[in-house]
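The block underneath contains the structure these notes are about, expressed in structure tokens.
The values are calculated or read from the model by the stated rules, or taken from the named source; none is laboratory data. Computed from a predicted model, the values in this text were never measured in an experiment. Glycine also receives a Cβ, built like all others from the backbone with ideal geometry; neighbour counts cover every protein chain displayed.
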Amino acid sequence: MSKKIYLIDGNSFIYRMFFALPEFATSSWKIVNATFGMAKFFVWQLVKEKPDYIVFIKDAKWENFRHKLYSEYKATRERMPDNLRTQIADIEAMIAAMNIDIVEIDGYEADDVIATLAMRLGIESQNEIYILSGDKDLFALVAEQVRIYDTQKKKIYGPDETYEKFWVSAACVRDYLAICWDTSDNIPGISWIGPKKAQALLNGLCSLEKLYEIVDNYETTDISVYSEELQKTLKWASLKKLQEGRELAFLSQKLATLECDVPLPWFDLANYSFKPSDIFTPELEIFFKENEFFSLLESQEEDFETWEKLWKQVQIIGDNDWLSELSDKIFSWKYTELVLDTETTSLNPREAELCGVSILLSEDDIYYINLMHRGPQVSYTLLQDFISKLFASDILLIGHNIKYDIQVLEMFLASTGHSGSTKNPQAPKAKQASLFEV
């Protein structure tokens, strides 16, 4: 049985929450935007996504080994805004009130602890590891069992998505950052060698060491055996910049290298299990009241809104005849748009199994097509036929994170040879939901 593990890069996450939300305050003028954003994420999104384990990791307060290598490391970063600094203690108190431990190791950054845990936990094949962060260097950890989860973009980065982002594989990300510099951490890189040139230099080599074997012996090396892209880049000014930047390149490589052996002898994953019900403690209720997070208290008291509590009746479709009737209704009544959502077994569309599909035709006409849940179920092939017909139509599909839903449904169709693109070479028309979220 798979285990879904969330490794949260605490510092990165808090910063992103602070800048994602406009500043607002309590009635006593206490700024709480980052605190509220973190609270909402935990009690709404994480409760919905239900990871099996959560490890919240913070940077250690003082300097680490990278500052000894390069005194200017992170020197260009702006000082933490005062309105964020004042919220840090509250955020940590809130997380503690949720029964979630914070991991902080002296002498190491959160990224190093995350790298160590990702490597250690990734050994077990049943573990699905999601790193919640926006830091570029963590993309070097991406593998079949380790992914980056950008919660703001609602996007999962596996090996393919990482390549699409950097145009180099995850194994090359460290050296990519070493060459074209990382302004966020003030990693120097090589002057005048930007992302496109770094991509050209690394594709096919994927190693700074291999690249400098060629650069150091350029006069005697037959570069015709390498890609045309690499040959074009290793000329004139670029070659000279590489030669001049050798020392900085390897220094940058060391700065961009994640430490995967942080001493964590006490760590036991079982101590970081996550149960949504456990976070709603009396201490958290007091914290929400003190900080005037009343909307979160209402969600807790109501056990989250359901269709029933919204006075909406969802019609559960669990037999083929009813699904055929719904299909006839949608296509014969010539609907121009509908709201769609999928229920799946994974956040990764390449691995997710489809459990069911929600369809909203109007606020009083809502359906859930059950494929895998308990109770009556529709047939696999009939649901494929329905989705294929939907994709081939001109109906506008509306949803929250609709790209994910489309990917899941395309994989579902392709699994037995069906494909929405068979009848319609264009992707189905879709847009993000604004009025409805299903």
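When the range 116-157 is limited to residues that are over 24 Å from ALA20 (Cβ atoms) and either assigned by TED's automatic domain parsing to the domain that holds ASP405 or among the acidic types (Asp, Glu) (or both), the one that is farthest from the chain's Cα centre (by Cα) turns out to be GLU124.
Residue under question is TYR212, and the condition is that it be over 26 Å from ALA237 (Cα atoms), aromatic (Phe, Trp, Tyr) and either in contact with a helix residue (DSSP H, G or I) (Cβ under 9 Å, 6 or more places away or on another chain) or not in a loop (DSSP other than H, G, I, E, B) (or both); does it hold? Before the answer, list the steps.
On the way: over 26 Å from ALA237 (Cα atoms): no; aromatic (Phe, Trp, Tyr): yes; either in contact with a helix residue (DSSP H, G or I) (Cβ under 9 Å, 6 or more places away or on another chain) or not in a loop (DSSP other than H, G, I, E, B) (or both): yes.
No, not satisfied.
Of all residues in the range 99-125, which are of a type outside the set (D, E, K, R), within 22 Å of ALA256 (Cβ to Cβ) and assigned to a helix (DSSP H, G or I)? If the condition is that a residue be of a type outside the set (D, E, K, R), within 22 Å of ALA256 (Cβ to Cβ) and assigned to a helix (DSSP H, G or I), then ALA110, VAL113, ILE114, ALA115, THR116, LEU117, ALA118, MET119 are the ones that fit.
Residues that are under 20 Å from ALA93 (Cα atoms) and of a type in the set (Ser, Thr, Tyr) within the range 19-60 comprise THR26, SER28, THR35, TYR53, listed in sequence order.
Could you run through the range 362-420 and say how many residues are in a loop (DSSP other than H, G, I, E, B), among the hydrophobic types (A, V, I, L, M, F, W, C) and buried (at least 16 other Cβ atoms within 10 Å of the Cβ)? Spell out how you get there, then give the answer.
Just the residues of the range 362-420 that are in a loop (DSSP other than H, G, I, E, B), to begin with: 363-364, 371-379, 393-395, 400-401, 415-419.
Imposing the further condition that a residue be among the hydrophobic types (A, V, I, L, M, F, W, C) reduces the set to 371-372, 378, 395.
Narrowing further to those that are buried (at least 16 other Cβ atoms within 10 Å of the Cβ): 371, 378, 395.
Number satisfying all stated conditions: 3.
Name the residue, out of LEU205, LEU251, that is in a helix (DSSP H, G or I), of a type outside the set (Gly, Ala, Ser) and not assigned by TED's automatic domain parsing to the domain that holds ASP137. Break it down stepwise before answering.
Details: LEU205 fails: in a helix (DSSP H, G or I).
Matching residue, one of LEU205, LEU251: LEU251.
Listed by first and then second residue, the pairs with beta-carbon distance under 9 Å, at least 6 apart or on different chains, first residue in the range 360-385 and under 24 Å from MET411 (Cβ atoms), second crowded, with 20+ Cβ neighbours inside 10 Å and of a type in the set (S, T, N, Q), are GLN377/ASN370; VAL378/ASN370.
Residues that are touching a Lys or Arg at 6+ places or on another chain (Cβ under 7 Å) and either more than 14 Å from VAL55 (Cβ to Cβ) or of a type in the set (D, E, K, R) (or both) within the range 79-104 comprise just one, GLU104.
When ASP268 is tested against (1) within 26 Å of the chain's Cα centre (by Cα); (2) of a type in the set (Asp, Glu); (3) modelled with pLDDT under 90, exactly one condition is not met: (3). The condition of being closer than 30 Å to GLU144 by Cα and either at pLDDT 85 or above or in the same structural domain as MET411 (by TED's automatic domain parsing) (or both) holds for only one of GLU351, GLU290, that being GLU351.
The selection criterion, being in a loop (DSSP other than H, G, I, E, B) and not basic (Lys, Arg), does not hold for TYR130.
Residues considered: GLY204, GLY189. Of these, the only one that is among the small types (Gly, Ala, Ser), more than 30 Å from ASP59 (Cα to Cα) and at pLDDT below 80 is GLY204.
On the given criteria, is PHE288 surrounded by 14 or more Cβ atoms within 10 Å (Cβ to Cβ) and not in a helix (DSSP H, G or I)? Judged against the criteria, PHE288 is not a match.
For ALA256, the criteria (1) loosely packed, with under 14 Cβ neighbours inside 10 Å; (2) in contact with a Lys or Arg (Cβ under 6 Å, 6 or more places away or on another chain) hold in every case but one, which is (1).
Among the residues of the range 208-233, those that are polar (S, T, N, Q) and either in contact (Cβ under 8 Å) with a residue 60 or more places away in the chain or surrounded by fewer than 15 Cβ atoms within 10 Å (Cβ to Cβ) (or both) comprise ASN217, THR220, THR221, SER224, SER227, GLN231.
Is it the case that TRP236 is among the aromatic types (Phe, Trp, Tyr), under 29 Å from the mean Cα position of the chain (by Cα) and loosely packed, with under 14 Cβ neighbours inside 10 Å? The answer is no for TRP236. Taking the range 319-359 as the range and being outside any helix (DSSP H, G or I) and of a type in the set (Asp, Glu) as the test, the residues that pass are ASP319, GLU337, ASP341, GLU343, GLU351, GLU353. Being within 34 Å of the chain's Cα centre (by Cα) and part of a helix (DSSP H, G or I): is that true of LEU258 here? Answer is no for this residue.
It is to be established whether one or more residues within the range 31-44 are at pLDDT 90 or above and more than 30 Å from SER277 (Cβ to Cβ). Checked the range 31-44: at least one residue is at pLDDT 90 or above and more than 30 Å from SER277 (Cβ to Cβ).
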